[in-house]
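Below you'll find the structure, written out as structure tokens, and then a few comments.
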Amino acid sequence: MKRILYYFIQFIFVISISNCKNVEPEHRTDVQEDLNPEDTVIELSNEQFEENAMTIGSLEEKSFPELVQANGLIDVPPANRAVVSATMGGYVKNTHLLIGDRVTKGQALVTIENPDFVALQQEYLEIKEQLTYLKSEYERQQILIKENISSQKSFLKAESDYKKAEATYKGLRKQLDLLKISPSDVEKGIISTTSTLNAPISGSITQVNVSLGMYVSPATPIIEIVDNDHIHLELSVFEKDIMRLHKGQEITFEIPEASSEVYTAEVYLISTSIEENRTVKVHGHLKDLEKHNFLTGMFVHATIIISDNVTMSIPSEAIVSSEGTSYLLLLESKKEEVYNFKPVKVEISAVYNGYTSIKNANDFPADSKFLTKGAFTLMGE
């Protein structure tokens, strides 16, 4: 049997030659109509089919989710991040911590030395001794005023002096507590020139901003601690997409700079305010957190899955586009060692994960077969 292989490119070539000839426009139209790709039949031998590693398949159901793209960071809640600073200024006397060290809540971090600590303890001792006398005088005046022996003026002065001293005593005692200096030790005559700063939370050291001998003021951030046990995604979603988001939607994300692996999370909170760059913050909870070594500050590229639609599809490489029109090669018949394919026009709606959704899938019988690999070899060159 005479075998003829019609390639679509041959028809494009004929059209090009026709356009170069000096013929009437209506003749060119007739030629183009005669060379409609859908009127073409491509014959392919079994040998050619196998040499080009071609494959045949059917339309199949695939999931085509509606997606929203977003960028963001891996972060922690404010309660899991702490910056340690001094209550009063001083010179760093001792610190042994490095970035990456793990600390527990209450652990000593830095020791600060300042002569003013001595003056504060001295003032505390003095006011405590005065308080004993002033309290006694106040109680004596109470008795005298009841018996009309003392004047109202003397009673009010005693009361004022006592309450003023009591307020000063309590304030100084609170300052000593903040400096981690024991008021009980001070009352025993144990005076300290140093104050110890303790970890307010458990976590890992992410910043150390001081060195031995350095003076730090109350505004100086000395050490930063981050607790990575509750890390989350902090995403920025454009304003146009925010109305389609709701709690519980699945998130897939990648960390481009660290790994090619795809991780999962879910939408947990959506901000109710819009940022200056017209984005909205979306808080996502990570899944399988214990299996991964995420670090705060990592940049992520995320995809939020809005909905999941199942449609008929075909591998994307089966589709060939020509002049804005998409085609599939439909297997019309297979006789002996010859395949007969016919280009058919298709409408595509979405592309996802290597597959393309076919809008007009109902135009073809359920048992239709298509060339799923190698179509570009026949039509795309």
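The values are calculated or read from the model by the stated rules, or taken from the named source; none is laboratory data. Keep in mind that what you see is a predicted model, and the values were worked out from it rather than measured. Cβ placement follows ideal geometry from the backbone for every residue including glycine, while neighbour counts extend to all protein chains displayed. Ligands, DNA and RNA are excluded from the accessible area calculation, which covers all protein heavy atoms including side chains. Shrake-Rupley method; radii C 1.70, N 1.55, O 1.52, S 1.80 Å.
Here are some notes:
Yes/no matrix, rows are residues, columns are (1) open to solvent by less than 50 Å² (accessible area, probe 1.4 Å); (2) modelled with pLDDT of 90 or more:
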{"site": "His96", "(1), (2)": "no, no"}
{"site": "Lys105", "(1), (2)": "no, yes"}
{"site": "Leu131", "(1), (2)": "yes, yes"}
{"site": "Gln141", "(1), (2)": "yes, no"}
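- Of the strands (runs of 3 or more DSSP E) lying entirely inside region 298-373, those containing at least 1 residues that are among the small types (Gly, Ala, Ser) and loosely packed, with under 15 Cβ neighbours inside 10 Å span 299-315, 320-322, 325-335, 348-352.
- Subset of region 72-88 (residues that are surrounded by fewer than 16 Cβ atoms within 10 Å (Cβ to Cβ) and closer than 21 Å to Asn293 by Cβ): Leu73, Pro77
- Scanning region 257-272 for residues that are open to solvent by less than 60 Å² (accessible area, probe 1.4 Å) and of a type in the set (Ser, Thr, Tyr) returns Ser259, Tyr263, Thr264, Ser271.
- Residue in region 290-297 that is crowded, with 16+ Cβ neighbours inside 10 Å, farther than 22 Å from Gly57 by Cα and touching a residue at least 24 places away in the same chain (Cβ under 8 Å) present: yes
- Region 215-251: number of residues that are open to solvent by less than 70 Å² (accessible area, probe 1.4 Å) and under 30 Å from Met88 (Cα atoms): 11
- The numbered conditions (1) open to solvent by 80 Å² or more (accessible area, probe 1.4 Å); (2) touching a Gly at 6+ places or on another chain (Cβ under 8 Å); (3) in a helix (DSSP H, G or I) are all true for Tyr91 except (3).
- Residue among Arg140, Arg173 that is part of a helix (DSSP H, G or I) and under 52 Å from the mean Cα position of the chain (by Cα): Arg173
- Flag for Glu254 being open to solvent by 70 Å² or more (accessible area, probe 1.4 Å), under 30 Å from Ile99 (Cβ atoms), modelled with pLDDT of 90 or more and charged (D, E, K, R): yes
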